[in-house]
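Report on the following structure.
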Amino acid sequence: MPKFYELSREDRIAQLLADARLSQAAATHLLANEPLPEATAAHLTENQIGQFPLPLGVVHHLQVNGVSREVAIAGEEPSVVAAASNGARMANLGGGVTGVAPDMHVVDAEIVFANAPEVATVVQAHRLQIFTVAESAHPSIVRRGGGLKAIHTDTTGQFTKIILSVDVQEAMGANIVNTIAEAVAAYLEATTGLRRLFAILSNYSEQTTRAEVTIPHAALATKQATGAHIAAQIALASQFAQLDVSRATTNNKGIMNGVSGAAIALGNDYRALEAGVYAFAASTGTYQPLSTWENSEGQLHGVIELPIQVGTVGGAIGALPLAKVSQQLAQITCVREEQEVLASLGLVQNLAALRALVGPGIQSGHMALAAGSLAISAGAKGSEVTVLTAQLQGKKQSLALAKTLLAQIRQQGEDK
């Protein structure tokens, strides 16, 4: 029986449908492979002149908190999906990944005044009124159980900052928080006669999601090395990343390959997500890896911790049909599950990358998967892509070589 990655696109969709991972409507939508309606595209950007499709791949059978999930990734790099799928396979041999997200999905706002230290005193004296203003500014979020939950003040140099912590429920929360922030800022201006510098949400968050996995050594073995050796090397590479900012940066970029691609597939603002993650990585004053790996007797244990500011409703999510399909594939029913799935994806992505890095190296697998892109760049069309991709395997790949081989393929076709 062929493996999932060996199936055609249509057969993959059929299998996901048969496995009840997709509804019939979602499967039909994927098979149609249609662009966004013009009216939708025109309202999702400014000065729209076209659409820029990205392939949608799926990480097959990533087990998170005991549930096997299909995690969609939007992106142009095949090795990202391949690595995450391999990482998921190894993690599943250890019982899968366990994820824990915050109980409350909170986004902070900053209202900043310059040269006005008295504002802090006003805030403390008017706390109840501020809560009332916040509720009036966005009553619907309060009805859903969210809204302003805490107020803090902070002074840095000449600046006084009022921090509003808002429970945004299932939304990413930018519009909710900005609406509340501007309403509270206007109230403070009217109360004090002072003018704010600005009022806006913060993409920084200390609310983190944690995921961890324990993998038996046997699951890590390669053709060249035992699992115990690979586990020991991964642990050493993890230690080095804690000491070397250059390595930590590349380590974290690899993690975000999967996390960001999945966030795009889920219709989320991956730019805000990445800004918060990279700030968190440097929050101690020294840029650190998001993941750590420790080797013990017979097992490799990995942990990742990062803020994941996303949502399951609002923004572009409702306007992008594939966002709902991606939620369905991953069996995401709430924002906590989404955070746990994304953190778990980042951890298995990191596992696969480190195993390749300390084992056979990353380039052989990467180039094997990149051959298809090179074939297309050389001008291959239709079935030529498959033939040329196969011919490029095992060779020192270059665009010049791809063009030469493509010319030979076409000449052979003419000679028949």
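The values are calculated or read from the model by the stated rules, or taken from the named source; none is laboratory data. What you see is a predicted model; the values in this text were computed from it and never measured. Cβ sites come from the backbone with ideal geometry, for glycine too, and all protein chains shown count toward neighbours.
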- prompt: If you scan the range 242-284, which residues turn out to be touching a strand residue (DSSP E or B) at 6+ places or on another chain (Cβ under 8 Å) and over 30 Å from Ser326 (Cβ atoms)?
  reply: Gln242
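Does Ser165 satisfy the criteria of being under 15 Å from Glu110 (Cα atoms) and touching a residue at least 40 places away in the same chain (Cβ under 8 Å)?
On the way: under 15 Å from Glu110 (Cα atoms): yes; touching a residue at least 40 places away in the same chain (Cβ under 8 Å): yes.
Here the answer is yes, as Ser165 does meet what is asked.
Being closer than 22 Å to Gln309 by Cα and either surrounded by 14 or more Cβ atoms within 10 Å (Cβ to Cβ) or touching a residue at least 60 places away in the same chain (Cβ under 8 Å) (or both), is that true of even one residue in the range 149-158?
Just the residues of the range 149-158 that are closer than 22 Å to Gln309 by Cα, to begin with: 149-152.
Subsequent filtering for residues that are either surrounded by 14 or more Cβ atoms within 10 Å (Cβ to Cβ) or touching a residue at least 60 places away in the same chain (Cβ under 8 Å) (or both) retains 151.
So far as the range 149-158 goes, yes, one or more of its residues are closer than 22 Å to Gln309 by Cα and either surrounded by 14 or more Cβ atoms within 10 Å (Cβ to Cβ) or touching a residue at least 60 places away in the same chain (Cβ under 8 Å) (or both).
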- prompt: In the range 270-287, how many residues are in contact (Cβ under 8 Å) with a residue 24 or more places away in the chain and farther than 11 Å from Asn203 by Cα?
  reply: 4
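So which helices (runs of 4 or more DSSP H) stay within the range 1-62 end to end and still have 3 or more residues that are small (Gly, Ala, Ser) and within 30 Å of Asn92 (Cα to Cα)? Walk me through how you get there before you give the answer.
Details: elements: 9-18, 24-32, 38-44.
Qualifying helices (runs of 4 or more DSSP H): 24-32.
Quick check on my filter: what residues within the range 335-353 are polar (S, T, N, Q) and within 9 Å of Ile308 (Cβ to Cβ)? Talk me through it step by step, then tell me what you get.
Pass one, the range 335-353, residues polar (S, T, N, Q): 339, 344, 349-350.
Listed by number, the list holds a single entry, Gln339.
Residue check: is Thr214 hydroxyl-bearing (Ser, Thr, Tyr) and surrounded by 21 or more Cβ atoms within 10 Å (Cβ to Cβ)?
Numbers: hydroxyl-bearing (Ser, Thr, Tyr): yes; surrounded by 21 or more Cβ atoms within 10 Å (Cβ to Cβ): no.
Here the answer is no, as Thr214 does not meet what is asked.
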message: Among the residues that make up the range 76-87, is at least one of them modelled with pLDDT under 95, within 22 Å of the chain's Cα centre (by Cα) and surrounded by fewer than 16 Cβ atoms within 10 Å (Cβ to Cβ)?
response: yes
- request: Please work out which one of (1) within 30 Å of Asn92 (Cβ to Cβ); (2) in a loop (DSSP other than H, G, I, E, B); (3) not hydroxyl-bearing (Ser, Thr, Tyr) is the condition Ile215 fails and give its number.
  value: (2)
All helices (runs of 4 or more DSSP H) inside the range 223-287 with 1 or more residues being closer than 30 Å to Leu54 by Cα and over 12 Å from the mean Cα position of the chain (by Cα): 245-265, 270-281
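With aliphatic (A, V, I, L, M), touching a helix residue (DSSP H, G or I) at 6+ places or on another chain (Cβ under 8 Å) and at pLDDT 75 or above as the only criterion, which of Leu351, Leu374 stands out? Full working, then the answer.
On the way: Leu374 fails: at pLDDT 75 or above.
After applying the criteria, what remains is Leu351.
Can you tell me which residues in the range 100-155 are of a type in the set (Lys, Arg) and either part of a helix (DSSP H, G or I) or touching a Cys at 6+ places or on another chain (Cβ under 9 Å) (or both)?
To start, the set of residues in the range 100-155 that are of a type in the set (Lys, Arg) comprises 127, 143-144, 149.
Listed by number, the residues that qualify are Arg127, Arg143.
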- request: Residues being more than 15 Å from Leu351 (Cβ to Cβ) and either part of a helix (DSSP H, G or I) or touching a Phe, Trp or Tyr at 6+ places or on another chain (Cβ under 7 Å) (or both): count how many of those fall in the range 63-93.
  value: 1
